[in-house]
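Presented below is the structure to which this report refers.
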Amino acid sequence: MKFNLNAGSAVSLTALAFSFGASFPAHADDDLLNVEETIIVTTTAATDEAEAQVARTPGGAGVVRHEDYADRYLVSLRDTLAFSPGVYLQPRYGQEVRISIRGSGLSRGFHMRGLTLLQDGAPINLADDNGDFQELEPIFFDHLEVFRGANALRFGSGTLGGAVNGVTPTGETAPGVYARIDTGSFETLRGLIAGGIENGKLDAWGALSADTSSGDRDHAGRQSIRFHGNVGYDVTDTITTRFYASINSLDQEIPGALTLTNVLTNPQRGNFAGDQGRDINSIRIQNQTRIAFENSSLATGIWYNKKGLYHPIFQFIDYDSADTGLWARYEWEKGPLAFTLGADGRTGTTDANRFLNIAGDRGALTFDATQEAWTANVYAEGRYRVTDQLSLIAGVIAAQGEREQIQAVPAAITGTADFEGVSPKFGVLYDAAPDVQVYANYSKSAEFPGFNELAQVAAFVPVEAQTAWTAEIGTRGRAGIAEWDISLYSADIDGELLQFTVGPDIPASTFNADKTRHQGIEAGLGLKLTDWLTLRQVYQYSDFAFEGDAQYGDNTLPVVPEHVYRAELKFANDRFSFAPNIEWVPEGAYADYRNTTQTEGYTLLGLTGSFKASDKIDLFLDARNLADERAAGDISAVILATPASVIYYPVERRAVFGGIRARF
């Protein structure tokens, strides 16, 4: 194992982590945190079960409850996971956000890679592992489960970043009617109506949301209509089944990137030649069935996703995809032994067409291909409780994947690529006290390229799989007024999939780096200072660099800044809450692989609050970037940045949102 933070930096950074840490650990109790009762659900059984799973995990993991973000205007995963340790989130525009854990998909400037995103246990990722996280509607969630790195094995994820699973309510957890209306800056209006029923063995829950906004930049408007629902039935005392359905209709204008000068002087400006946008229409259905035995359980699932992506950018992208998947997980426990065995498989076909972009409309056909992919994983994990306090864990995940593109236009070409990998995991978990855990693990990860990497322009290019060995140590727990969740990790990566922007009329290109290293700290600290005053914080240290690269030496990798700190100080009683917050980036990230250009740091100030008008009605407020700070938030990496490089996205502009929520 390698972890070459020098002794001085390791000590100082660890101390900083304890001082400036993160969200609350999975087993935190409401009395200690002074958490307000959430309104979207009325029971916590599902969340408690998720937190118990985290407590059995020898590594970085956590659960984010709805009440942790209920007072925010919910646009994207950024608004739900901002205080989840180790999750780097940076808004680009509208619902588009960069999401990365431990540098996963580090330089991907669009869509998503290196993470498994799920809703109610079914992956949003397509069969080639790429995906559009915009299909996850955060306003629907009861809670989110975040398993970083190899700790996501139970979801069949063997990626560097891990997995995020958004869990929606059911008729059992959220009976009755729930409604919410948000409004505010930039002509924003958002509404939600949800309802749940329970009748003996049958329960059902459904929600409909609608959103419209002109956006905080020119040509950044968006509209969406979404539905999600589920129906559950207790077949017997030991067999349950649940059906889910999701429908999404999303329309997003793309304002484009800017030069750094424009970001600092005219951030509302758009750069939208060709009336660029991204529209998604999707339907997803799934079933999960669970069977309980005396000392074990079996869970199975099947899902189907049909999606249309209409995406005028450098050309007019018109993709229609259909993906099907299934999974199964068997869990057994008796005495000191526990065992998990699981498998999942995904297969999908995409009709991929591109046209000349004529002011946002289709011109002449430039590309016509059929893309077929499948990905399959088999995984196992064993646990042995040596003593009441000490557990040893070992696991492995074996993955295979195939990508094939049958191209008809501009020329008849067929490209194929096959991948396979075996990733072991070893861990130890020690309960140092009833509410304190210490853990360590060492694991391998493997990520297969998708069509965005392989079919960069037309024919396939020789992009290989990315692999990494990651060492992690950490602790989570609570003592006195404090709760913490802190992990230190170091990942040695072979063939990291890195991307750079070529130009405005040419898609981004991907290459395999030789050796890179990602190491850092994912830290959280919550303090209950009084009965009415709490402080929660997250601190993230990211040291990502080449290792003796022939072209880039030991240069720092671009896009993610070295230090990110967020904090929220919350004053609350039985009727109201008031919570100023801060996001501080002392120094910005590099914009290029040659490390010639580094952005400036920034500080964003915000405020959230709520007022309980009655037992059934709450009012809430969310004010952002109160000082109207101007800075580059996100970057599309290039080889060499210049003052003319159009690669920067400004931080969110000053905005105020508010609304009302009610349960009947």
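The values are calculated or read from the model by the stated rules, or taken from the named source; none is laboratory data. The shown structure was predicted, so the numbers you read here are calculated from the model rather than taken from an experiment. All Cβ positions, even for glycine, are placed from backbone atoms using ideal geometry, and neighbour counts span all protein chains on display.
Miscellaneous remarks
- Matching residues in the stretch 176-207 - criterion: being touching a residue at least 40 places away in the same chain (Cβ under 8 Å) and closer than 16 Å to Ile617 by Cα: Gly176, Val177, Tyr178, Ala179, Arg180, Ile181, Asp182, Leu192, Ala194
- Selected residue (criterion: modelled with the lowest pLDDT) from residues of the stretch 609-632 that are acidic (Asp, Glu) and part of a strand (DSSP E or B): Asp618
- Residue-level check: of (1) in contact with a helix residue (DSSP H, G or I) (Cβ under 9 Å, 6 or more places away or on another chain); (2) basic (Lys, Arg); (3) over 20 Å from Asp132 (Cα atoms), Arg226 misses just (3).
- The C-beta contact set for the stretch 375-396 (first residue farther than 30 Å from Phe451 by Cα and in contact (Cβ under 8 Å) with a residue 40 or more places away in the chain, second residue part of a strand (DSSP E or B) and of a type in the set (Val, Ile, Thr), distance under 6 angstrom, 6+ apart or interchain) comprises Glu381/Thr340; Arg383/Ile393.
- Among the residues of the stretch 276-313, those identified as farther than 17 Å from Phe110 by Cα and of a type in the set (A, V, I, L, M, F, W, C) are Ile283, Ile285, Ile291, Ala292, Phe293, Leu298, Ala299, Ile302, Trp303.
- Criterion violated by Ile99 - all others in (1) surrounded by fewer than 24 Cβ atoms within 10 Å (Cβ to Cβ); (2) in a helix (DSSP H, G or I) satisfied: (2)
- Every residue from the stretch 193-213 that is of a type in the set (D, E, K, R) and over 24 Å from the mean Cα position of the chain (by Cα): Glu198, Lys201, Asp203
- Check on Thr159, within 29 Å of Asp351 (Cβ to Cβ) and out of contact with any Leu (no Cβ under 9 Å at 6 or more places or on another chain): no
- Among residues of the stretch 429-466, those that are assigned to a loop (DSSP other than H, G, I, E, B) and surrounded by fewer than 18 Cβ atoms within 10 Å (Cβ to Cβ), counted: 8
- Just so you know, in the stretch 646-664 the residues that are of a type in the set (D, E, K, R) and more than 24 Å from the chain's Cα centre (by Cα) include one that is farthest from Ser614 (Cα to Cα), and it is Arg654.
- Against the criterion of being closer than 29 Å to Thr261 by Cβ, surrounded by 19 or more Cβ atoms within 10 Å (Cβ to Cβ) and not aromatic (Phe, Trp, Tyr), Thr599 qualifies.
- Taking the conditions (1) under 22 Å from Leu488 (Cα atoms); (2) touching an Asp or Glu at 6+ places or on another chain (Cβ under 9 Å) in turn, Tyr88 satisfies each one other than (2).
- Among residues of the stretch 467-501 being under 29 Å from Glu402 (Cβ atoms) and of a type in the set (Gly, Ala, Ser), the one that is surrounded by the fewest Cβ atoms within 10 Å (Cβ to Cβ) is Gly495.
- Residue count for the stretch 633-655, restricted to those that are outside any loop (DSSP other than H, G, I, E, B) and either in contact with a helix residue (DSSP H, G or I) (Cβ under 7 Å, 6 or more places away or on another chain) or exposed (fewer than 15 other Cβ atoms within 10 Å of the Cβ) (or both): 2
- Top-ranked residue of the stretch 467-497 - restricted to ones that are within 17 Å of Gly114 (Cα to Cα) and not in a strand (DSSP E or B), ranked as nearest to the chain's Cα centre (by Cα): Glu496
Residues checked against (1) farther than 26 Å from Gln519 by Cβ; (2) modelled with pLDDT of 90 or more; (3) of a type outside the set (Phe, Trp, Tyr):
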{"residue": "Leu89", "(1), (2), (3)": "no, yes, yes"}
{"residue": "Gly105", "(1), (2), (3)": "no, no, yes"}
{"residue": "Phe110", "(1), (2), (3)": "yes, no, no"}
{"residue": "Leu118", "(1), (2), (3)": "yes, yes, yes"}
{"residue": "Asp128", "(1), (2), (3)": "yes, yes, yes"}
{"residue": "Glu135", "(1), (2), (3)": "yes, no, yes"}
{"residue": "Phe141", "(1), (2), (3)": "yes, yes, no"}
{"residue": "Val146", "(1), (2), (3)": "no, yes, yes"}
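- Scanning the stretch 309-356 for residues that are closer than 30 Å to Ser297 by Cβ and β-branched (Val, Ile, Thr) yields Thr324, Thr340, Thr347.
- Residue, nearest to Val656 (Cα to Cα), within the stretch 600-640, restricted to residues that are of a type in the set (Val, Ile, Thr) and touching a residue at least 60 places away in the same chain (Cβ under 8 Å): Thr608
- Just one of (1) aliphatic (A, V, I, L, M); (2) closer than 21 Å to Gln537 by Cα; (3) surrounded by fewer than 20 Cβ atoms within 10 Å (Cβ to Cβ) fails for Ala623. It is (3).
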